[in-house]
Amino acid sequence: MDGLLKEEDGIAAHFRYDPIKHTYVTFGTSFPDLVSQTTRVCLYELDADTFKPSNVIDRDAFDQQEHSPMTTSASSTLEQPKFFLNLPGVVLIHDFILTENYVVFTWVKAALDPFRTMKALLGFGAISGTMAIPEDSETVLLLIPRSMMAGSDLRPIDFTDDGNICIDALADDRITRIELPFSFNFHFGNGYETRASNGDRQLIFDMMRTSEDKDFDFAIHSSNNSNKPVWETLQPEDVPVGDMTRHIVNLDMKQLQEDPIVLCEQSPEFPAVPRHVSSRPHRYTYTLATNKKTPSHLSKPMWGAHSAITKIDATTPGKYETWSFDSDEFVGEPTMVRKQGADPDKEDACYVMTTVSKVSTGTTDIAIMDVEGEGALERGPVCRLRLPEFLPYSALHGAFHEGVVYDFD
């Protein structure tokens, strides 16, 4: 990243691709400052080939030209100011949405539990288990204009003494804030901007809702006081059954246009879309899901480990295809691979790749599924390739990069 990321900086597991600008956008968060009680979120936009900043804001030029910032190419020797958002208290942001004009987060107010925090600091608990959601918390959609990240519409007060840019995300008038029905989520599907039939601007995005309950346990039972490992104490009723919902926001009215639309209730998670439709209108989303063979005695019909892949059709809520692996096989996050020479009008002309770990044999395969056309996914993998090592927990957060070949000789 051309020195932009320092040793002490964090960076998220999720990058979003802009196929028009050919850039990646991502972020990093810092642990809450104990004095100011704020969390900083740093935004990055990088050239997709070089992973260098896509543009550089010249602070000196900003000061000299009546506070009208000048941007230069990424090859400039000028040091890139970092773009920070300040949010109050503890912030758990894991993923975000990218559209043509906005970087979008959901913010849920959280607080640290003192006893759990002490346990975590002493090594007897997870950091995620120290957080709780107060009763007065709400879910707020934050829309940060990407133009600000590129140097437009900045003000002298935005610059800190060390030359970076810092914006108050809950008070700044350039950031749009929209209240949503309360929910918590780790992941988003895709998001994009469009126009309604009456000409109003819309933001449409898909969310993997983990919970609508403010008592949600961030650490999924690892914060229990029994001193036993989570796999010995976890019960089905402890794990929320998630869903995938579509949200339609009226950008002109700055409000949710209608109630969230449930697209899939098979506990979908780790969503993926082909790179060419990232941040653009799309029809299909591919996710992990619970196995359709989930035992009927469980109190939650859609509860279970992820051992299936779904292809969710956003045009028809509740319509999705599923391929379920064996009951002792668990799958990793799906990775999308566009077919060579694919018809540009065929969004689903792709393969889905995933890891499949089979517990009974202690083996892991790479499974490849052709998802082009209705019913294709439900025919199962076109091939399975055995890996030389067993992955006890299937892979998370991978990406296919065309043209990268390794010589293992």
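Computed quantities for the displayed model
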{"quantity": "Restricting the stretch 157-166 to residues that are surrounded by fewer than 17 Cβ atoms within 10 Å (Cβ to Cβ) and among the acidic types (Asp, Glu), the residue that is modelled with the highest pLDDT", "calculated": "161"}
{"quantity": "Search result, residues across the stretch 246-258 that are exposed (fewer than 15 other Cβ atoms within 10 Å of the Cβ) and at pLDDT 90 or above", "calculated": "252, 253, 254, 255"}
{"quantity": "Residues being at pLDDT 95 or above and within 19 Å of residue 291 (Cβ to Cβ) - total across the stretch 376-399", "calculated": "6"}
{"quantity": "Hits in the stretch 167-190 (condition: surrounded by 20 or more Cβ atoms within 10 Å (Cβ to Cβ) and over 30 Å from residue 311 (Cβ atoms))", "calculated": "167, 169"}
{"quantity": "Pairs where the first residue, in the stretch 99-115, is modelled with pLDDT under 95 and outside any strand (DSSP E or B) and the second is buried (at least 20 other Cβ atoms within 10 Å of the Cβ) and not small (Gly, Ala, Ser), C-beta under 7 Å, 6+ apart", "calculated": "113/130"}
{"quantity": "Filter result for the condition that a residue is surrounded by 13 or more Cβ atoms within 10 Å (Cβ to Cβ) and either touching a helix residue (DSSP H, G or I) at 6+ places or on another chain (Cβ under 8 Å) or within 27 Å of residue 396 (Cβ to Cβ) (or both), over 143, 154", "calculated": "154"}
{"quantity": "Test: residue in the stretch 306-328 that is open to solvent by less than 70 Å² (accessible area, probe 1.4 Å), at pLDDT below 70, among the small types (Gly, Ala, Ser) and over 26 Å from residue 197 (Cβ atoms)", "calculated": "no"}
{"quantity": "Selection status of residue 51, out of contact with any helix residue (DSSP H, G or I) (no Cβ under 8 Å at 6 or more places or on another chain), modelled with pLDDT of 75 or more, open to solvent by 50 Å² or more (accessible area, probe 1.4 Å) and in a loop (DSSP other than H, G, I, E, B)", "calculated": "yes"}
{"quantity": "Number of the condition not met by residue 135 [criteria: (1) more than 27 Å from residue 83 (Cα to Cα); (2) assigned to a loop (DSSP other than H, G, I, E, B); (3) free of Cβ contacts under 8 Å to residues at least 12 places away in the same chain]", "calculated": "(3)"}
{"quantity": "Top-ranked residue of the stretch 262-281 - restricted to ones that are part of a loop (DSSP other than H, G, I, E, B) and open to solvent by 20 Å² or more (accessible area, probe 1.4 Å), ranked as nearest to residue 375 (Cα to Cα)", "calculated": "273"}
{"quantity": "Residue within the stretch 222-245 that is open to solvent by less than 30 Å² (accessible area, probe 1.4 Å), in contact with an Asp or Glu (Cβ under 8 Å, 6 or more places away or on another chain), polar (S, T, N, Q) and modelled with pLDDT under 65 present", "calculated": "yes"}
{"quantity": "Count of residues meeting criterion [within 19 Å of residue 316 (Cα to Cα) and not in a loop (DSSP other than H, G, I, E, B)] in the stretch 250-261", "calculated": "1"}
{"quantity": "Selected residue [without any contact (Cβ under 8 Å) to a residue 40 or more places away in the chain and β-branched (Val, Ile, Thr)] from 165, 157, 93", "calculated": "157"}
{"quantity": "Among the residues listed as 158, 172, 162, the single one being more than 21 Å from the chain's Cα centre (by Cα), closer than 28 Å to residue 189 by Cβ and among the acidic types (Asp, Glu)", "calculated": "172"}
{"quantity": "Identity of the residue in the stretch 17-37, modelled with pLDDT under 90 and crowded, with 18+ Cβ neighbours inside 10 Å, that ends up farthest from the chain's Cα centre (by Cα)", "calculated": "32"}
{"quantity": "Failed criterion for residue 202 (all others in (1) assigned to a loop (DSSP other than H, G, I, E, B); (2) modelled with pLDDT of 65 or more hold)", "calculated": "(1)"}
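The values are calculated or read from the model by the stated rules, or taken from the named source; none is laboratory data. All values derive from a computational prediction rather than experimental measurement. Every residue, glycine as well, gets a Cβ built from its backbone with ideal geometry; the counts of neighbours run over all protein chains shown. What goes into the accessible areas is simple: the full protein's heavy atoms, side chains included, and nothing from ligands, DNA or RNA. Shrake-Rupley method; radii C 1.70, N 1.55, O 1.52, S 1.80 Å.
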